Each structure stands twice: as structure tokens, then as C-alpha cells.
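First the structure, in the form of C-alpha cells, and then the observations on it.
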Amino acid sequence: MSDVARIEEFISRVVHDGSNYRMDAMEKLYTDDMAILFPTKEGSIAAAPRGDVFAEFAARGSAGEAPLSTEYKILHLEEQGDYATALLYRRMSNAAAPFLYELRLQRGGTYGWLVAGETVTPWPDPETAGAFLPPRRVA
């Protein structure tokens with residue numbers, strides 16, 4: 001199996017185990033110091049450490065909440081030695097907006113990879129997609 005296929009399989013495991021609140025399985029998928037970065041409504045960036053993220057997933061599972069959607073699509077994947085970065089379209093539920101997930105991976109763990117960090121941003125507005133530079137000014 002190629003490294004790309006192993007990473008894709010690992011990402012599927014992360015999505016499915018997390019969406020189903022399988023805490024024992026999730027423990028084996030993330031580094032101890034992993035955090036999720038995300039923009040706040042105030043325009044700053046917040047960091048949710050692993051303990052907080054896992055507590056939220058455990059509470060949802062313990063409360064009997066329905067599993068989250070496993071809808072995702074790998075948009076980009078690159079590997080650089082012992083590290084890899086994956087960009088995913090991800091939607092957790094029809095009641096939640098879609099988001100772009102950046103997964104920062106490092107080699108290790110039971111399945112060959114571990115999530116070392118995530119950055120979660122709202123899915124781009126189609127009107128501004130690709131417009132990371134302002135228009136050129138004509139002289």
C-alpha cells in the first residue's frame with residue numbers, strides 16, 4: 001500500500017471514529033499535544049487543546065447524541081518525509097455549515113500516522129474563493 005493510500009485510510013479512520021464518539025479509538029489517532037485552531041466570531045484565532053476536544057466528544061457520546069455525519073472529501077494531500085498535510089471539505093451535520101479542515105499529520109502511532117494538529121475554517125464563499133490577492137490596479 002502506498003503512503004498516500006495509508007494516509008487516506010488513516011483520515012477515514014479519524015473521520016469515522018470521531019463522528020461516532022469512539023473515544024478509545026480516538027486516543028490512538030492524535031498526539032498528546034494536539035490542538036484545533038479555529039476563527040472566532042470576533043476575528044481572532046482560538047486553540048482548543050486535545051483535552052477540551054476529547055471532553056466535548058465524550059460528553060456528546062455519553063449523552064446519547066446521534067453520530068455526526070461522516071461527509072468529507074480530501075481536497076489536497078501532500079507528504080513531506082515524516083509529516084503530511086491534508087485539506088478536507090468536512091460537514092458534521094446538515095444543521096452545521098461545511099468547513100475546510102487542515103490536518104497536520106506526523107508519522108507514528110498504531111496506524112502509521114497521528115493527527116498533530118487541525119485548523120478549521122469556514123468553507124469559502126464562492127464569490128470570494130481564490131481571491132486571496134486584491135485585483136490588479138491598471139495604471
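The values are calculated or read from the model by the stated rules, or taken from the named source; none is laboratory data. What you see is a predicted model, and the numbers here were worked out from it, not measured in a lab. When the accessible area is computed, the model is the full protein with side chains, heavy atoms only, and any ligands, DNA or RNA have been set aside. Shrake-Rupley method; radii C 1.70, N 1.55, O 1.52, S 1.80 Å.
Structure summary
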{"read-out": "Distance from region 13-45 to region 67-139 (C-alpha centre basis), Å", "value": "13 Å"}
{"read-out": "Region 10-139: Rg to Rh, with Rh as the Kirkwood radius over Cα pairs", "value": "1.02"}
{"read-out": "Heavy-atom accessible area order for Ser44, Ser19, Ser62, largest first, 1.4 Å probe", "value": "Ser62, Ser44, Ser19"}
{"read-out": "Longest to shortest principal axis, alpha-carbon extents of region 1-78, angstrom", "value": "40, 33, 25"}
{"read-out": "Accessible surface, the chain, averaged per residue in Å² (probe 1.4 Å)", "value": "63 Å²"}
{"read-out": "Trp123 accessible area, 1.4 Å probe, all protein chains in place, Å² to nearest 10", "value": "100 Å²"}
{"read-out": "Nearest 10 degrees, 0 to 90: helix 50-62 Cα axis against the chain principal axis", "value": "60 degrees"}
{"read-out": "Carbon and sulfur %, accessible surface of the chain computed with the full protein complex present, 1.4 Å", "value": "54 percent"}
{"read-out": "Square roots of five times the Cα gyration tensor eigenvalues for region 75-137, Å", "value": "28, 18, 7"}
